[in-house]
Amino acid sequence: MEHIIIIGGVAAGAKAASKIRRENPHVKISIYNEGKFISYSACGLPYFIENLIEKPEKLLIRSPKDFENKYKVNVFTEHRVTKILPNKHQVEIIDLKTSEKSTEQYSKLLIAMGAHVCIPDIEGTDLKNVHILKSIEDAIAIKDKVPKCKKVIIVGGGYIGIELGEAFVYGGMDTTIIEMGPDILSHLDDEMSQEVHTYLTHEKNMHIITNNRVTKLVDNSEGKVCGVETESGKKLECDLVILSAGVGPNIDIAKDAGIAIGKTGAIKIDSRMQTNVRDIYAAGDCTEQINMITNKPVWVPLGSTANKQGRIAAINMTGGDAEFKGILGSSITKAFEYSMAKTGINAKEAENLGYNYVCETITNKDRSGYIPGAENITIKLIADKDSKKLLGAQIIGKGDTDKRINVIATALTAGMTVEEFQHIDLTYSPLFSTSIDPIIVATYELLKKL
């Protein structure tokens, strides 16, 4: 019997397994996953810690039993695939509970191992009350500490750092973010991230330190963290540390098996999710993607992309023909009343890639100003001066950003020029927008520079 093995069962792997079963009711499917949980929303973990979600089970999309009963998928949790043997169409596996080793034969293999948290090379990362956030188990451990701790330091000011910062402030903790770069949320342009920085520090009393690197986690002599030291000489007290200094693709066993690694450091795949090795596919955060604006490889780990790629891989592994066209890196996150959204490339990226680009930034109400609850949003549009095409956008503020960034993402996918984009017929009601939507107002201003 044909046997499809999937390494990893969180986003891409779980999506692929269910789609494979729908495409082929007869093939044998096995998922091997290192953690106890599969098919869950990792993006929801900070909101579980914040108590927006009461129980971790709410994050589960399907349990191992669901897969086994409904989809007839063999699920092996707490099992690690340690080696891929392409010439033999085999994988080597270790049961993490018993240390028992085994070998399994595959017809086709999907690598969906996701990403790992990058642990900074600093002293003290093995101390008690020092955590990462990657899995449900991590989130449970962190949430358990919140009522018992008073001061938390988050190392890293990206998505997870900001989202956890909100959770800890709501938990009554004195919260500090230390970011080694010049800005938090580095995927945004400087003035946009600075607006968020100001909001968090002035309105939410968070402490944010940028351009500084943590060099040591301090031991309280009982093996528990009690503070941090930075390269500038700062010494800060704390009783909880979260390491959120970035992630990297899990590629080790793929690389050892001779699978090509791309320029970004992630697994290189074609538009059908196939690697350079016959019968081996890859999807999700362990793979690189093609940016639809630049047509260059990028590595942007996002749950939305992982689910789409898992579906594409499943179709092709079962004899179909589907293509993944690439990404725009569209993303959004929230910090208290603020939301921060981005699609396409930002001005920093346009500069580095050599575009002849122009930008326009406006601040406007998200709906008619006389409507209660109307809030400001700041919109930044970037366009190519030569082709007149939109390149990207960022929208931040207390108002409605997500529907507007999605409109712009649609325009980017269609390759629209700024001239074409200004004519989009958007809905209007005072409750939902101004009579001319803010993104169109920004477009009018951008046109003046083209």
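Please report, in whole Å, how far the alpha carbons of the stretch 320-379 spread along each principal axis, starting with the longest.
Over the stretch 320-379, Cα extents along the principal axes are 50, 38, 21 Å.
Could you give each residue of the stretch 254-266 its phi-based ³J(HN,Hα) in whole Hz, using Karplus coefficients 6.51, -1.76, 1.60 with θ = phi - 60°, and x for Gly or Pro?
Taking θ as phi minus 60°, the curve returns 5, 4, 4, 8, x, 7, 5, 9, x, 5, 7, x, 9 Hz for the stretch 254-266.
Please compute one quarter of the surface area of the Cα convex hull for the stretch 347-416 and express it in square nanometres.
Working: hull surface 19.8 nm².
If I average the Cα hull's projected area over directions, I get 5.0 nm².
Carbon and sulfur atoms: what percent of the 1.4 Å accessible area of the stretch 23-100 do they account for?
Result for the stretch 23-100: 47 percent of the exposed heavy-atom area is carbon or sulfur.
For the stretch 117-123, in order, what is each residue's ³J(HN,Hα) by Karplus, 6.51 cos²θ - 1.76 cosθ + 1.60 with θ = phi - 60°, in whole Hz (x at glycine and Pro)?
Result, ordered by residue: 6, 7, 8, x, 7, 9, 6 Hz.
At 20 °C and 1.002 mPa s, what whole-number value in µm²/s does Stokes-Einstein give for the translational diffusion of the stretch 236-294, with Rh from the Kirkwood sum over Cα pairs?
161 µm²/s
Might you work out the accessible area of ARG62 for me, using a 1.4 Å probe with all protein chains in place, and round it to the nearest 10 Å²?
60 Å²
Rg and Dmax of the stretch 184-275 over Cα atoms: what are they, in angstrom?
19.6, 54
Using only Cα atoms, what is the ratio of the radius of gyration of the stretch 270-355 to 2.2 N^0.38 Å?
The stretch 270-355 yields a ratio of 1.25.
Could you list log10 I(q)/I(0) for the chain at q = 0.09, 0.10, 0.14 Å⁻¹, which the Debye formula gives when each Cα is one point scatterer?
Taking Cα atoms of the chain as identical point scatterers yields -0.66, -0.81, -1.37.
Using a 10 Å cut-off on Cβ atoms, rank the peptides 434-447, 381-394 from the highest mean neighbour count down.
Details: 434-447: 19.2, 381-394: 21.4.
For the peptides 434-447, 381-394, the packing ranking is 381-394, 434-447.
Under a 1.4 angstrom probe, counting protein chains only, how are HIS116, HIS26, HIS187 ranked by accessible area, largest first?
Details: HIS116 75, HIS26 140, HIS187 40 Å².
If we order HIS116, HIS26, HIS187 from most to least accessible, we get HIS26, HIS116, HIS187.
Rounded to the nearest 10 Å², what accessible area does LYS65 show when all protein chains are kept and the probe is 1.4 Å?
In the full protein context, LYS65 sits at about 140 Å².
Whole number in Å², please: accessible area per residue of the stretch 1-64, 1.4 Å probe, ligands, DNA and RNA not counted.
Values: 2790 Å² over 64 residues.
In whole numbers, the stretch 1-64 has 44 Å² accessible per residue.
What span do the alpha-carbon atoms of the stretch 321-450 cover on each of the three principal axes, reported in whole Å from largest to smallest?
Here the Cα extents, ordered largest to smallest, are 43, 36, 30 Å.
Accessible area per residue, 1.4 Å probe, Å², for the stretch 298-411: what's the number?
39 Å²
Enter the accessible area of MET113 (Å², nearest 10), with the probe set to 1.4 Å and all protein chains included.
Its heavy atoms expose roughly 50 Å² to the probe.
Convert each backbone phi in the stretch 396-402 into a coupling constant with the Karplus relation 6.51 cos²θ - 1.76 cosθ + 1.60 (shift: θ = phi - 60°), then list the ³J(HN,Hα) values in order as whole Hz, x for Gly and Pro.
Each residue of the stretch 396-402 in turn: 9, x, 7, x, 7, 10, 5 Hz.
For ILE6, list long-range residues whose amide hydrogen, built 1.01 Å from N in the peptide plane, is under 5 Å from its own amide hydrogen.
Placed amide hydrogens put SER30, ILE31, TYR32, LEU110 under 5 Å from ILE6.
For the stretch 110-238, which whole percent of the accessible surface, found with a 1.4 angstrom probe, sits on carbon and sulfur atoms?
48 percent
What is the Cα centroid distance between the stretch 401-450 and the stretch 324-386, reported in whole angstrom?
11 Å
Got the relative contact order for the stretch 136-231 handy, in percent, Cα pairs under 8 Å and 6 or more residues apart?
Computed value for the stretch 136-231: 22 percent relative contact order.
For the stretch 64-148, state what percent of all Cα-Cα pairs lands in each successive 10 Å bin, counting from 0 Å until the bin that includes the largest distance.
12, 29, 34, 19, 5, 0
In Å², and per residue, what accessible area does the stretch 73-216 have when probed at 1.4 Å with the other protein chains present?
Spelled out: the 1.4 Å probe surface of the stretch 73-216, per residue, equals 45 Å².
Show the residues, 5+ positions off or on another chain, whose built amide H is closer than 5 Å to the amide H of GLY181.
Distant-sequence amide H within range of GLY181: ASN211, ASN212.
Taking a quarter of the surface of the Cα convex hull of the stretch 1-107, what do you get in nm²?
Computed as one quarter of the Cα hull surface, the answer is 7.5 nm².
The values are calculated or read from the model by the stated rules, or taken from the named source; none is laboratory data. What you see is a predicted model; the values in this text were computed from it and never measured. Neighbour counts are summed over all protein chains in view; Cβ atoms, including those assigned to glycine, are modelled from backbone coordinates with ideal geometry. Protein only, heavy atoms only, side chains kept; ligands, DNA and RNA dropped before computing areas. Shrake-Rupley method; radii C 1.70, N 1.55, O 1.52, S 1.80 Å.
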